[in-house]
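For reference, the structure discussed in these notes is given below.
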Amino acid sequence: VSMTVPAVDADAFEAAVEPFCAALSRTEPKAGFWRIEGLSATEPDPALLAVTLELAASAKGVAVPDVRTDAVPPRDWLADNLAEFPPIGIGRFFVHGSHFEGRLPPSRIGLWVDPAIAFGSGRHASTSGCLQAIDQLSRRRFERPLDMGCGSGILAIAIAKLWKVPVMAADIDAASVGVTRTNARLNGVGNRVRAILADGYAGPVIRGGRPFDLIVCNILARPLKRMAVHLSAHLAPGGVGVLSGFLTRDANDVLAAHRAAGLRLRRRITIDEWQTLIVTRPEEF
């Protein structure tokens with residue numbers, strides 16, 4: 001599902017099409033306009049999609065945008081990903097897939113990660129920003145870390161290898177939990193990374209594991225804002241949160257939600273148009 005809309009109307013139309021899609025993305029084909037693309041496992045109902053977009057257009061006082069719905073041809077995404085996934089150095093980490101046959105560079109921590117159907121190869125700016133943040137926090141010792149929205153498990157594995165501590169990794173997607181377990185085992189930290197299926201911070205396992213002294217959360221701006229108060233409640237006094245998965249234009253909104261939950265900004269990491277925030281919970285909070 002795709003459409004091109006004025007930038008000022010993009011949020012409204014993205015929100016309108018979001019219920020029909022499993023994943024959404026934006027690109028800027030020209031100044032002042034955004035191209036919104038969504039993927040769905042089945043073709044959205046044309047009449048329902050049309051009515052939803054008409055309501056959004058009416059609320060904004062603009063014309064209904066032209067929308068295309070096209071079938072995506074079958075593709076071996078895993079094979080394509082491996083071909084497009086050369087090794088990459090990020091701070092002290094060296095991220096590579098199973099097809100890498102070279103030697104690990106000196107003084108680097110190797111992360112063998114095949115994302116498969118889960119997000120997190122290290123090449124995306126949000127994942128790279130999180131790895132840079134973890135690298136920058138390396139001088140501090142963490143004992144109870146949590147990777148919320150673990151995807152491929154790359155961040156949980158990096159934490160387990162860097163600090164040699166048990167890491168809890170949680171995701172709402174069962175496939176991601178399976179991929180995380182596989183990748184943790186391949187990296188020799190299967191006994192340190194505990195991957196569980198969880199809907200955010202809900203559930204007895206997450207509650208029973210708190211307080212965490214480090215929480216990394218690489219998801220999207222909207223869920224990050226919704227979960228800010230829960231992150232703060234599960235973070236130990238003096239603990240650190242690493243937030244990513246959003247564009248720089250959304251960073252201040254994400255930060256405002258976490259400031260309202262009692263957290264303070266420690267550092268920003270900007271890569272291309274993406275930003276990663278390092279926040280802390282005050283000792284006296």
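Condition test on residue 155, is it of a type in the set (A, V, I, L, M), within 13 Å of the chain's Cα centre (by Cα) and modelled with pLDDT under 95? Lay out the reasoning, then the answer.
Details: of a type in the set (A, V, I, L, M): yes; within 13 Å of the chain's Cα centre (by Cα): yes; modelled with pLDDT under 95: no.
No, not satisfied.
Considering 281, 267, which residue is touching a residue at least 24 places away in the same chain (Cβ under 8 Å) and surrounded by fewer than 21 Cβ atoms within 10 Å (Cβ to Cβ)?
267
With the checklist (1) closer than 22 Å to residue 125 by Cα; (2) open to solvent by 50 Å² or more (accessible area, probe 1.4 Å); (3) touching a Gly at 6+ places or on another chain (Cβ under 9 Å); (4) not β-branched (Val, Ile, Thr) in hand, flag the one item residue 96 doesn't pass.
The one condition residue 96 does not meet is (2).
Give all pairs with beta carbons closer than 7 Å in which a residue from region 1-25 that is of a type in the set (Gly, Ala, Ser) meets a residue that is assigned to a helix (DSSP H, G or I) and open to solvent by less than 30 Å² (accessible area, probe 1.4 Å); count only pairs at least 6 apart in sequence or on separate chains.
So the pair list comes out as 12/56; 16/53; 16/56.
Among the residues of region 52-81, how many are at pLDDT 90 or above and either open to solvent by 50 Å² or more (accessible area, probe 1.4 Å) or of a type in the set (A, V, I, L, M) (or both)?
Going through region 52-81 one residue at a time, the tally reaches 18.
Does any residue of region 181-199 turn out to be farther than 14 Å from residue 148 by Cα, of a type in the set (A, V, I, L, M), without any contact (Cβ under 8 Å) to a residue 40 or more places away in the chain and part of a helix (DSSP H, G or I)?
From region 181-199, those farther than 14 Å from residue 148 by Cα are 181-192; that's our starting set.
When the remaining residues are screened for being of a type in the set (A, V, I, L, M), the result is 184, 186, 189.
Of the ones still in play, those that are also without any contact (Cβ under 8 Å) to a residue 40 or more places away in the chain are 184, 189.
Restricting the remaining residues to those that are part of a helix (DSSP H, G or I) gives 184.
Yes, there is a match, as at least one residue in region 181-199 is farther than 14 Å from residue 148 by Cα, of a type in the set (A, V, I, L, M), without any contact (Cβ under 8 Å) to a residue 40 or more places away in the chain and part of a helix (DSSP H, G or I).
Evaluate the following for residue 221: is it at pLDDT below 95, small (Gly, Ala, Ser), surrounded by 15 or more Cβ atoms within 10 Å (Cβ to Cβ) and under 29 Å from residue 27 (Cβ atoms)?
yes
Between a first residue in region 225-248 that is within 7 Å of residue 281 (Cβ to Cβ) and a second residue that is among the basic types (Lys, Arg) and outside any helix (DSSP H, G or I), which pairs have beta carbons less than 6 Å apart while being 6 or more apart in sequence or on different chains?
235/281; 237/281; 239/281
Could you grab the pairs with beta carbons closer than 9 Å, sequence gap of 6+ or different chains, first residue in region 208-219 and under 12 Å from residue 166 (Cβ atoms) and in a helix (DSSP H, G or I), second one open to solvent by 30 Å² or more (accessible area, probe 1.4 Å) and of a type in the set (Lys, Arg)?
Close Cβ pairs (under 9 Å, with a partner that is open to solvent by 30 Å² or more (accessible area, probe 1.4 Å) and of a type in the set (Lys, Arg)) amount to 209/144; 209/194.
Could you list, in sequence order, all residues of region 23-48 that are of a type in the set (D, E, K, R) and open to solvent by less than 60 Å² (accessible area, probe 1.4 Å)?
First, the residues of region 23-48 that are of a type in the set (D, E, K, R): 26, 28, 30, 35, 37, 43, 45.
Answer for region 23-48, where residues must be of a type in the set (D, E, K, R) and open to solvent by less than 60 Å² (accessible area, probe 1.4 Å): just 26.
Quick one: in region 186-202, of everything that is over 18 Å from the mean Cα position of the chain (by Cα) and exposed (fewer than 14 other Cβ atoms within 10 Å of the Cβ), which residue is nearest to residue 243 (Cα to Cα)?
In this case the residue turns out to be 202.
So, residue 205, is that one open to solvent by 10 Å² or more (accessible area, probe 1.4 Å), closer than 22 Å to residue 165 by Cβ, of a type in the set (A, V, I, L, M) and modelled with pLDDT under 95 or not?
On the way: open to solvent by 10 Å² or more (accessible area, probe 1.4 Å): yes; closer than 22 Å to residue 165 by Cβ: yes; of a type in the set (A, V, I, L, M): yes; modelled with pLDDT under 95: yes.
Yes: the conditions hold for residue 205.
Within the group 228, 169, which residue is in contact with an Asp or Glu (Cβ under 6 Å, 6 or more places away or on another chain) and at pLDDT 95 or above?
Working: 228 fails: in contact with an Asp or Glu (Cβ under 6 Å, 6 or more places away or on another chain).
Testing whether each residue is in contact with an Asp or Glu (Cβ under 6 Å, 6 or more places away or on another chain) and at pLDDT 95 or above leaves just 169.
The values are calculated or read from the model by the stated rules, or taken from the named source; none is laboratory data. Computed from a predicted model, the values in this text were never measured in an experiment. Glycine also receives a Cβ, built like all others from the backbone with ideal geometry; neighbour counts cover every protein chain displayed. To get the accessible areas, we keep the full protein, side chains included, count just its heavy atoms, and leave off ligands, DNA and RNA. Shrake-Rupley method; radii C 1.70, N 1.55, O 1.52, S 1.80 Å.
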